[in-house]
1. Test A88 against the stated conditions and say whether it is more than 30 Å from G272 (Cα to Cα) and either surrounded by fewer than 20 Cβ atoms within 10 Å (Cβ to Cβ) or among the aliphatic types (A, V, I, L, M) (or both).
2. On the given criteria, is T195 part of a strand (DSSP E or B) and in contact (Cβ under 8 Å) with a residue 24 or more places away in the chain?
3. Any idea which of S4, S13 is modelled with pLDDT under 95 and either away from the ligand (no atom under 14 Å from the Cβ) or within 30 Å of W148 (Cα to Cα) (or both)?
4. Could you please find all residues in the range 144-170 being at pLDDT 90 or above and either in a loop (DSSP other than H, G, I, E, B) or at positive phi (or both)?
5. May I ask you to list the residues in the range 63-83 that are assigned to a helix (DSSP H, G or I), among the charged types (D, E, K, R) and surrounded by 13 or more Cβ atoms within 10 Å (Cβ to Cβ)?
6. Quick one: H200 ticks every box in (1) crowded, with 16+ Cβ neighbours inside 10 Å; (2) away from the ligand (no atom under 12 Å from the Cβ) bar one, so which box is it?
7. Looking at D220, D226, which one is closer than 20 Å to I44 by Cβ and outside any loop (DSSP other than H, G, I, E, B)?
8. Just a yes or no: is a residue in the range 272-284 of a type in the set (F, W, Y) and away from the ligand (no atom under 13 Å from the Cβ)?
Amino acid sequence: MAASQPIFRFAPSPNGYLHLGHAYSALFTDCWARKMGGIALLRIEDIDTVRCRPDFITAAIEDLAWLGLTYPEPVRRQSRHFADYAAAADILRTKGLLYPCFCSRSDIRAASGGQTDPDGAPIYPGTCKRLSMAERQGLLAAGVPVQWRLDMAGATAEACALEIAQAEPSPADPIRMRKAVPERWGDVVIVRKDTPTSYHLSVTLDDAVQGITHVTRGMDLYWSTDIHVLLQALLGLPSPVYCHHTLIRDPHDEKLAKSRGSQSLRDLRALGWTPEDVRERLGF
Ligand code: GLU
């Protein structure tokens, strides 16, 4: 593989069957990888070991192959790399940028004052940031379920300082221009209670480990990119080029989702759709 070859990725979470929205993202990624003389990798984002299932992984690979999309082996499965994510979290912890949070969902909802982040989740008001060291140690020792949050104010300050210290600050959208990140997201979770990582941490680390040069994904993840660029600066990782594509919507103008009963590619196939029908419907 030439060092300068663009590397793209399609990174589904196997918590259901793929639908037209996934097909659009996979075809979009494949189209741009080809146009730029690059390759597209498949990554299975299965950090949620309860909701993600092996049969959904097998089905996703089959559905993609049915569409004409195959990927180099080995396919990276995030659930096999928890130790790597834990090590990255340790780097942030050592820098003093993570703090333990013991709040339950209802605590957070009650304290958020109704403010929500771009994912629609309540913005965390920083309750546990104010705990003393002794209180933290007591709760950790008592085995109270814990998640680790990024101290956004500290993290953005540190990232700005690192960037300013560089001889050549990142040309595209420097972190210090992204002033609204802390207000928009609050102190995001970096290590969840139920799994030793989070979407933001694992996606950022994996894009670097896999040498991804171009991230093509849906507009629903547009604001998340700010967090990923921040984590890249803190962990000393390169920033890929980001491109967020339009989302495929159902007739009620809702984003497709298995939870809303959107038809899967398998359903469409059972109804007689061919891969060409899918491509034509999606404009490829
Ligand atoms: N796994 C994410 C999803 O299925 C996509 C992550 C990404 O492309 O950054 O929505």
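1. Values: more than 30 Å from G272 (Cα to Cα): yes; either surrounded by fewer than 20 Cβ atoms within 10 Å (Cβ to Cβ) or among the aliphatic types (A, V, I, L, M) (or both): yes.
Yes: the conditions hold for A88.
2. No; evaluated as a whole, the condition is false for this residue.
3. Details: S13 fails: modelled with pLDDT under 95.
So the residue among S4, S13 that is modelled with pLDDT under 95 and either away from the ligand (no atom under 14 Å from the Cβ) or within 30 Å of W148 (Cα to Cα) (or both) is S4.
4. V144, P145, V146, D151
5. Here is the first cut: in the range 63-83, the ones assigned to a helix (DSSP H, G or I) are 63-66, 78-80, 82-83.
This time we only want the ones that are among the charged types (D, E, K, R), so: 63, 80.
D63 - this is the single residue of the range 63-83 that is assigned to a helix (DSSP H, G or I), among the charged types (D, E, K, R) and surrounded by 13 or more Cβ atoms within 10 Å (Cβ to Cβ).
6. (2)
7. Working: D226 fails: closer than 20 Å to I44 by Cβ.
Just one listed residue meets the conditions, D220.
8. Quick first cut of the range 272-284, residues of a type in the set (F, W, Y) only: 273, 284.
Filter again for away from the ligand (no atom under 13 Å from the Cβ), leaving 273, 284.
Within the range 272-284, one or more residues are of a type in the set (F, W, Y) and away from the ligand (no atom under 13 Å from the Cβ).
The values are calculated or read from the model by the stated rules, or taken from the named source; none is laboratory data. Keep in mind it's a predicted model, so treat the numbers as computed, not measured. Because the Cβ atoms are built from the backbone with ideal geometry, glycine has one as well, and the counts that use them run over all protein chains shown.
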